[in-house]
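Engineer: The structure that follows is given in the form of structure tokens.
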Amino acid sequence: MALPESFERLASLFRKMPGVGAKSARRMAFYVLQQPPSFADELARVLAALKERVHNCSICGNITDDDPCSICSDPLRDRKVLCVVETVEDLFSIEHAGVFSGVYQVLGGRESPLDGETLDGKVLEALCTRIENDGIEEVIIATNPRIEGDLTYHALVDYLGAGAASLSRIAYGLPVGGSIEFADRTTLQAAMESRVRVKGAQ
Ligand SMILES: [Zn+2]
């Protein structure tokens, strides 16, 4: 049986979202259909505002309505410790776990030769300048425990090794092949606390 075209279009959009299969996508589309018209109106407005208003923080790369983001503008954060993450999702997971009180830098990329991905030179340059200008004392590299995360970590160490800040990498607790995004609080806390110093005073 053919379903109405606009229904299929909505379901196929939901289907593109991570973790949503064909069946769930159809259930979501049915749900929207069953709600009063105000629900679809609000959904459309929220989606439009999301792309219009949300942008990347000019300091750390986090997503935000305001610039700088709430983390960069929080006077209680420790500005001498910088945690470098691959994605905003990783930043969210570490923040949500409440295991880190410093500031962040989102790379927005990684070293992955097989996918033809490499770290953006401008991002690395900005990171270096930020570490120097802000007098950052410790850089915690929180790349994922996968091959791409390892390559990204080595690229960062190569690039930042000559600077004054000490470098650490989160370690214990994260399974090889796992991801920061899906790690629980205890695992992230263990990984953060047992970070391995790779450069600088112990
Ligand atoms: Zn920020």
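Taken together, the values in this text are just the output of simple stated rules run on the coordinates, not laboratory data. Keep in mind that this is a model prediction, so the values were computed, not measured. Note that we place each Cβ from the backbone using ideal geometry, even for glycine, and neighbour counts take in every protein chain shown.
Engineer: For a quick check, take a GNM of the chain with Cα springs below 10 Å and name the residue from PRO37, PRO18, PRO113 with the largest mean-square fluctuation.
Structural biologist: Of PRO37, PRO18, PRO113, the Gaussian network model singles out PRO18 as fluctuating most.
Engineer: Moving on to the next point. So how do ARG197, ARG169, ARG53, ARG15 line up by other beta-carbon neighbours within 10 Å, fewest first?
Structural biologist: With the sparsest Cβ surroundings first, the list reads ARG53, ARG197, ARG15, ARG169.
Engineer: With the chain treated as a Gaussian network of Cα nodes joined by springs under 10 Å, which of ALA48, ALA25, ALA190 yields the largest mean-square fluctuation?
Structural biologist: ALA25
Engineer: If you put +1 on each Lys and Arg Cβ and -1 on each Asp and Glu Cβ, how big is the dipole of segment 63-190 around its Cα centre, in Debye rounded to 20?
Structural biologist: About 380 debye.
Engineer: May I ask for the Rg/Rh ratio of the chain, computed from Cα atoms with Rh as the Kirkwood radius, given to two decimals?
Structural biologist: Radius of gyration over Kirkwood radius for the chain works out to 1.06.
Engineer: What do you get for Rg/Rh of segment 5-53 when both radii come from the Cα atoms and Rh is the Kirkwood radius?
Structural biologist: 0.99
Engineer: Over the chain, calculate the relative contact order: mean separation of alpha carbon pairs under 8 Å at least 6 apart, over the residue count, as a percent.
Structural biologist: Relative contact order of the chain: 16 percent.
Engineer: Relative to the longest principal Cα axis of the chain, at what angle does helix 5-15 sit, 0 to 90 degrees, rounded to 10?
Structural biologist: On a 0 to 90 degree scale, this one is about 20.
Engineer: Against the longest alpha carbon principal axis of the chain, how many degrees, from 0 to 90 and to the nearest 10, is the axis of helix 121-133 turned?
Structural biologist: 50 degrees
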